[in-house]
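Working notes for the structure below.
No value in this document is a laboratory result; all are computed from the given coordinates. Since this is a predicted model, take the numbers as computed values, not measurements. Reconstructed Cβ throughout: ideal geometry from the backbone, glycine too, with neighbour counts over all protein chains shown.
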Amino acid sequence: MRGLGTVVNVVAVLAGSTLGLLVGRRIPARVKESVVAAIGIVTVVIGVGDVLGSANMVFPLAATALGAVVGEALRIEDRLASVGDSVKRRVGRQSDDRFTEGFVTATLLFCIGPLTILGGIEDGTGQVPRLYFIKSALDGTMSLVFGSQFGPGAALSAVSVLVVQGGIAACGTLLDQVLSERQTVELFATGGIAVVGIGINLLGIARIRVASFLPGLVIAPILVAAFAR
């Protein structure tokens, strides 16, 4: 069944964040902070692993830099945050500063990375979506923590998962046919840089506008096609 993995992933995020909302008050703040820090560290490790898979670091570096320019010109980070702010106003949580942060953080973490793309290809071709099943377990666990840490904003990220992964799954077969193995490698390496940025944000080391890097995921395969030999 095409799209099954996406549906399972959305349900996992909703279930995890809902459970986090219900039990969040019972979890000590220090426990939440430690778990988020652990997730941040693991996220950095995953991102670094993806980056190190590059056959030529120039491609992910150039794609990320050019993507950041395009992303800032399009104000992707601001537009993503405005979606969270808009929903926050609609549900009467204007005073909840963590709502938008939870939505943006969870959206970026759940929608960037090799599992999202590879899983979308697998899900779109009608195969058993094993990668999305694995991703659902990871996202469900993380959304539980985010639900208790950030509140309802984390649950809203399920909509982002539905749109992004559903879109990739719909184009999964075409994407697999169009991209060469080298393009896929450099695409994942570029995504790895963004994933590292997410981990840094979770650890509170710096505030990186990771959403602005997203155009780099499109630019990387184009650079490979133009310059790789």
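Tabulated data
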| read-out | value |
| --- | --- |
| Compactness of region 150-199 as Cα Rg over 2.2 N^0.38 Å, two decimals | 1.45 |
| Per-peptide average of other Cβ atoms within 10 Å, ordering 194-201, 102-109, 165-172, 52-59 highest first | 102-109, 194-201, 165-172, 52-59 |
| Rounded to the nearest 20 debye, dipole of the chain from Cβ charges on Lys, Arg, Asp, Glu | 560 debye |
| Dimensions in Å of the chain - Rg and Dmax from alpha carbons | 17.2, 57 |
| On Cα atoms only, tilt of 58-74 relative to the major axis of the chain in degrees | 50 degrees |
| On Cα atoms only, tilt of 152-170 relative to the major axis of the chain in degrees | 20 degrees |
| Ranked list, fewest to most other Cβ atoms within 10 Å of each Cβ, for PHE110, PHE227 | PHE227, PHE110 |
| Degrees between helix 130-150 axis and first principal axis of the chain (Cα, 0 to 90, nearest 10) | 40 degrees |
| Percent of Cα-Cα distances greater than 16 Å, calculated over region 34-78 | 57 percent |
| Between region 148-218 and region 25-71, the alpha-carbon center distance in angstrom | 10 Å |
| Note, ³J(HN,Hα) from phi for region 203-214, Karplus 6.51, -1.76, 1.60, rounded to Hz, x at Gly and Pro | 7, x, 6, 7, 10, 9, 7, 4, 4, 5, 7, 4 |
| Region 117-229: relative contact order as a whole-number percent, Cα under 8 Å and 6+ apart | 27 percent |
| Sequence-separation-based contact order of the chain, relative, with Cα cut under 8 Å and 6+ spacing, percent | 42 percent |
| Ranked list, fewest to most other Cβ atoms within 10 Å of each Cβ, for THR184, THR6 | THR184, THR6 |
